[in-house]
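A short worksheet on the structure shown next.
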Amino acid sequence: MRGLKSLTTLAAGSALVLSGLVVSTGSATATTAIAQCQASFKSGHLPLVSAGKLTVASDINNGLYQPWFGANGNPSTGKGYESALAYAIAKDLGITSKNVKWTAEAFDSSFAPGSKNFDFDINEISVTADRAQVVDFSNSYYNVQQSIVALKTNAIVKHHSATDLKNYTYGDQIGTTGLDYINNHIKPTKQVHVYNTLDEAVAALTAGQVDAIVVDTPTGQYMAAAQIVNSKNKTIATQVGQFPTAGEHYGLLFEKGNTLVGCVNAAIADLTTKGTIKSLQSQYLGIYNKVPKLTPIQP
Amino acid sequence: MGRRAAVASSLSSAIIVGLIIWFFWRAPNGANVRHFFLDPHSFWINLTGDPSRSLYSILRCFETNVWMFMLCEALVLIFGLGLAWLRLSRTPILAPLRVASAIYTDVFRGIPIILVLFAVGYGVPGMQAGWISQRTPITYACATLVITYSAYVAEVYRAGMNSVPNGQVMAARSLGLSDVQTMRRVILPQAVRNVVPPLLNDFISLQKDTALVGTLGIVEANQAAHVFGAMEFNYTGYTVAALLFLALTIPMTRYTDHLIAKDRRRRLAGGTV
Amino acid sequence: MSAVISAQNVRKRFGDHEVLRGISLDLAEHEVVCLIGASGSGKSTLLRCLNLLETIDEGDIVFRGQSLTDARIDPNLVRRHISIVFQAFNLFPHLSVLDNVMLGPVRALGRSRDEVKVEAMELLERIGLAPRALEFPDRLSGGQQQRVAIVRSLAMKPDVLLLDEVTSALDPTLVGEVLDLLTDLARGGTTMLIATHEMNFARNVADRVVFLHNGEIVESGTPSQIFDQPREAATAAFLSRVN
């Protein structure tokens, strides 16, 4: 599962689902903006890489996971939060679902120099100032909280006070905000193990090489509820708890200078106004509010 | 090489290097690529590290590569020799071990090291078989490098031993030297001299393969560069790591060349009583 | 006089080819025996069998009354008493001349380096190579290398010295110096079995000459018997070819 990717240097700064919308905050102007975008799609003026089609990228080759995508890892089912959102945005722009095309883009290459063969990449990518210098991002479509996942047998399940948390061995995927959260907020005394993929971090967790991993709450929920199992297919991990949000949020990734970002932001604003985003979040991500709260360690 | 030839060859090298630099400088997107791989500011941060942004000092992380390499190299020399020795032994009671050593070298030379790394690094601790499953990732990484490279080096040793003429063995045996003495005093010293260049090749590979152990979560130079790339969307860290590896391998190659030349001179020069 | 070493009806096969077909040969103390015969007649094989570098298929090899085909015999111990010098010298190229000579006594016999060094230098003095003791074999001429190889065997103080065509690989101008050394050793009473193509040398030095043909001893006797009045047609034919 591709987890969170990045630093939390850009502060979205609120518990609101969406913050800092560029296009508009009022429903009337949002509606106007989206109407203009729909018109420009109809007249063929919307800047799409493939005319008449919305080309959406995600890390298909490395596997797509619930609750962001459907159970079978196929992005074109409209199941899962990110898949459903991509189709909702398309529909809002007047693009039919059969004109939504998916393409594979690995996380590592999404920010390489050169032109992109997709309109936007939807891959749980956190927005940061550094990244925004190389690529463009849409406004937030999800605000992130970090959580701890550990084996049920690990001491961290019972002992996780602010001081206790410093004494465990953590592992995480490279480039993730989880890793950043460990380094800047938990500040453990032992060296953090940095894995190339979340799979490897999970393998290390299962093998007892690390005590815990820190991932966003939805990802952690899926890991504990379904992904980390023993040979008898029984779950062996648990989500110990989640930390308060540190301002991190996910955005859609665009090639630098792509003007499509304006209309996509208009669609996000429109979907927020209509309540679509809220209902998709409660459908796919709602269970996360039940995860216990953890005491953070102030940076 | 004559003076004219020397001038011609340095001139042609200069032109080729110049063309390559020109190409990178003038390419349509050259400025972006230069920023991506050679950004001076990123270069500096990669050397010093920045804990507040979870960025590592690649220089410090490279220490892990260096000591891993030195430890593994020493172990590989010993295990590789043992394997080659077993394989060449003619003692009947060692026959099963001889077969085992042949299978071992075939298998571990054939499997990509990254797969062995996964099997050892996640498999062994995953078994939860007591002590052996409770080692650190770096121990499993070293074990993997030693397991794999011993197979390579065993074959190099074996080639070296086979290159020693049979007459040498006969001469040693006819002096009443035992198997072990023949190996230690006659075959090995000659075999090692014959295989220094291929051994060196394997050691440079070993050095470079310490960059693979990031797979086990170990933050060595390459993984530190990877962290930087993922955080900052910039690959200058890889350039820093590459330069550090070169700073280690080039002097080592030159020094070995020097040793070989010195040994040759010694054997061909007159000694004094 | 009892034999130092004796081959008793020795047979040796390489695959289907029988190289030695029932060889019986005794070597007495201080005796110098020359083995003559065409290439492939089995001379080298016989020498290698005698110091157990080759195993034999039938028969026995007896050294001072002890059978060497006994499974409990340690070949390494035997070889300290029965030393062989090869056609191709086989000096150790990574060791100095002195270390070549000292290797056997120091490592196989476990004697002290200092003591062995004195003896080794005496031996090198004897062949005129003491000044070059610290040089490496590659720097020496073929004749010098072969003399060092002989001295290397002598340093083991063997009971028997086996010499396998030691001049065959040499430039003709260098043969003399090696044969002179062997003549010298023969006069000094070293027990030697010498496979050679040098008939004049054999005539002058040997107590006994043995003619080997197709893996069998065809004829054996004093040099004058063999060279002047060969009884067997095969011997006469061989001698007429080499002379």
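What are the residues in the range C:168-226 that are within 26 Å of residue C:124 (Cβ to Cβ), of a type in the set (Gly, Ala, Ser) and in a helix (DSSP H, G or I), if any?
So the first thing to find is which residues in the range C:168-226 are within 26 Å of residue C:124 (Cβ to Cβ), and the list is C:168-196, C:198, C:201, C:204-205.
Next, from what is left, pick out any that are of a type in the set (Gly, Ala, Ser): C:168-169, C:176, C:186, C:188-189, C:195.
Result: C:176, C:186.
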Inset, instruction - Select from the range C:49-73 the residues that are touching a residue at least 40 places away in the same chain (Cβ under 8 Å) and within 30 Å of residue B:192 (Cβ to Cβ) and write down the one among them that is nearest to the other protein chains (Cβ to nearest Cβ). - result: C:51
Inset, instruction - Only residues that are more than 10 Å from chain B (Cβ to nearest Cβ), touching a residue at least 24 places away in the same chain (Cβ under 8 Å) and surrounded by fewer than 18 Cβ atoms within 10 Å (Cβ to Cβ): list them for the range C:123-140, please. - result: C:126
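Is there a residue being within 14 Å of chain B (Cβ to nearest Cβ) and in contact with a helix residue (DSSP H, G or I) (Cβ under 7 Å, 6 or more places away or on another chain) anywhere in the range A:94-102?
So the first thing to find is which residues in the range A:94-102 are within 14 Å of chain B (Cβ to nearest Cβ), and the list is none.
No; the residues of the range A:94-102 include none that is within 14 Å of chain B (Cβ to nearest Cβ) and in contact with a helix residue (DSSP H, G or I) (Cβ under 7 Å, 6 or more places away or on another chain).
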Inset, instruction - Evaluate the range C:165-186: report whether one residue or more is under 26 Å from residue B:265 (Cβ atoms) and within 12 Å of chain B (Cβ to nearest Cβ). - result: no
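Let me confirm something: among B:34, B:109, B:53, which residue is away from chain A (no Cβ under 14 Å) and either over 16 Å from residue B:222 (Cβ atoms) or in contact (Cβ under 8 Å) with a residue 12 or more places away in the chain (or both)?
B:109
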Inset, instruction - For residue B:161, state whether it is over 28 Å from residue A:202 (Cβ atoms), buried (at least 22 other Cβ atoms within 10 Å of the Cβ) and hydrophobic (A, V, I, L, M, F, W, C). - result: yes
Inset, instruction - For residues that are under 24 Å from residue C:237 (Cα atoms) and at pLDDT below 95, scanning just the range C:167-193, find the one that is surrounded by the most Cβ atoms within 10 Å (Cβ to Cβ). - result: C:167
Inset, instruction - Please verify whether the range A:78-85 includes one or more residues that are assigned to a strand (DSSP E or B), at pLDDT 90 or above and under 16 Å from the mean Cα position of the chain (by Cα). - result: no
Inset, instruction - Determine which member of the set A:179, A:165 is away from every other protein chain (no Cβ under 14 Å), in a helix (DSSP H, G or I) and closer than 30 Å to residue B:131 by Cα. - result: A:165
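Out of C:225, C:145, C:229, report the one residue that is polar (S, T, N, Q), surrounded by 21 or more Cβ atoms within 10 Å (Cβ to Cβ) and without any contact (Cβ under 8 Å) to a residue 60 or more places away in the chain. Reasoning before the result, please.
Values: C:225 fails: surrounded by 21 or more Cβ atoms within 10 Å (Cβ to Cβ); C:229 fails: surrounded by 21 or more Cβ atoms within 10 Å (Cβ to Cβ).
When all the criteria are applied, what remains is C:145.
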Legend entry - Residue that is surrounded by fewer than 19 Cβ atoms within 10 Å (Cβ to Cβ), hydrophobic (A, V, I, L, M, F, W, C) and at pLDDT 90 or above, where the choices are A:15, A:104: A:104
Inset, instruction - Taking residue A:216 as meeting all but one of (1) at pLDDT 90 or above; (2) in the same structural domain as residue A:152 (by TED's automatic domain parsing), write down the number of the exception. - result: (1)
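Anything in the range C:113-122 that is buried (at least 19 other Cβ atoms within 10 Å of the Cβ) and either within 22 Å of the chain's Cα centre (by Cα) or within 10 Å of chain B (Cβ to nearest Cβ) (or both)? List them, or say none. Spell out the reasoning first.
Filtering the range C:113-122 down to residues buried (at least 19 other Cβ atoms within 10 Å of the Cβ) leaves C:116, C:120.
Within the range C:113-122, just C:120 meets the criteria.
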Legend entry - Condition met for residue B:137 (over 30 Å from residue C:76 (Cα atoms) and at pLDDT 90 or above): yes
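Please specify each residue of the range B:124-134 satisfying the condition of being within 23 Å of residue B:71 (Cα to Cα) and either surrounded by fewer than 22 Cβ atoms within 10 Å (Cβ to Cβ) or at pLDDT 95 or above (or both).
Of all residues in the range B:124-134, those within 23 Å of residue B:71 (Cα to Cα) come to B:124-125, B:131-134.
Result: B:124, B:131, B:132, B:133, B:134.
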Inset, instruction - Determine whether residue A:238 is more than 24 Å from residue A:186 (Cα to Cα), over 20 Å from the mean Cα position of the chain (by Cα), outside any loop (DSSP other than H, G, I, E, B) and in contact (Cβ under 8 Å) with a residue 12 or more places away in the chain. - result: no
Legend entry - Verdict on residue B:100 being touching a Gly at 6+ places or on another chain (Cβ under 9 Å), among the small types (Gly, Ala, Ser), closer than 24 Å to residue B:84 by Cβ and more than 10 Å from chain A (Cβ to nearest Cβ): no
Legend entry - Set A:182, A:186: member being hydrophobic (A, V, I, L, M, F, W, C), surrounded by fewer than 24 Cβ atoms within 10 Å (Cβ to Cβ), in contact (Cβ under 8 Å) with a residue 12 or more places away in the chain and within 30 Å of residue B:123 (Cβ to Cβ): A:186
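A quick yes/no check of all residues on (1) surrounded by fewer than 17 Cβ atoms within 10 Å (Cβ to Cβ); (2) touching a strand residue (DSSP E or B) at 6+ places or on another chain (Cβ under 8 Å); (3) outside the structural domain of residue A:43 (by TED's automatic domain parsing):
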{"position": "A:85", "(1), (2), (3)": "no, no, no"}
{"position": "A:92", "(1), (2), (3)": "no, no, no"}
{"position": "A:95", "(1), (2), (3)": "no, yes, no"}
{"position": "A:126", "(1), (2), (3)": "no, yes, no"}
{"position": "A:129", "(1), (2), (3)": "yes, no, no"}
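Which of the residues that make up the range B:37-50 are among the hydroxyl-bearing types (Ser, Thr, Tyr) and free of Cβ contacts under 8 Å to residues at least 40 places away in the same chain?
Start the filter on the range B:37-50 by keeping residues that are among the hydroxyl-bearing types (Ser, Thr, Tyr), which leaves B:42, B:48.
Of everything in the range B:37-50, just one residue is among the hydroxyl-bearing types (Ser, Thr, Tyr) and free of Cβ contacts under 8 Å to residues at least 40 places away in the same chain, namely B:48.
Mind telling me which of the residues A:97, A:147, A:138 ends up being closer than 18 Å to residue A:179 by Cβ, modelled with pLDDT of 90 or more and not acidic (Asp, Glu)?
Details: A:97 fails: closer than 18 Å to residue A:179 by Cβ; A:138 fails: closer than 18 Å to residue A:179 by Cβ.
After ruling out the rest, the residue left standing is A:147.
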Inset, instruction - Output the number of the condition that residue A:68 fails; it satisfies all remaining conditions of (1) among the aromatic types (Phe, Trp, Tyr); (2) more than 30 Å from residue A:293 (Cβ to Cβ); (3) assigned to a loop (DSSP other than H, G, I, E, B). - result: (2)
Legend entry - Some residue of the range B:177-197 being over 30 Å from residue C:154 (Cα atoms), within 14 Å of chain A (Cβ to nearest Cβ) and not polar (S, T, N, Q): no
Inset, instruction - Residue by residue through the range C:74-112, note down the ones that are more than 8 Å from chain B (Cβ to nearest Cβ) and without any contact (Cβ under 8 Å) to a residue 12 or more places away in the chain. - result: C:74, C:99, C:106, C:110, C:111, C:112
Inset, instruction - Examine the range C:70-86 for a residue that is among the hydrophobic types (A, V, I, L, M, F, W, C), within 17 Å of the chain's Cα centre (by Cα) and surrounded by fewer than 21 Cβ atoms within 10 Å (Cβ to Cβ), and state whether such a residue exists. - result: yes
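Check the range A:148-161 and report whether any residue there is at the interface with chain B (Cβ under 10 Å from one of its Cβ atoms) and farther than 24 Å from residue A:81 by Cα. Walk me through how you get there before you give the answer.
Residues of the range A:148-161 that are at the interface with chain B (Cβ under 10 Å from one of its Cβ atoms), as a first pass: none.
The answer is no, given that none of the residues of the range A:148-161 is at the interface with chain B (Cβ under 10 Å from one of its Cβ atoms) and farther than 24 Å from residue A:81 by Cα.
The values are calculated or read from the model by the stated rules, or taken from the named source; none is laboratory data. As the structure is a prediction and not an experimental result, all values here were calculated from the model. Note that we place each Cβ from the backbone using ideal geometry, even for glycine, and neighbour counts take in every protein chain shown.
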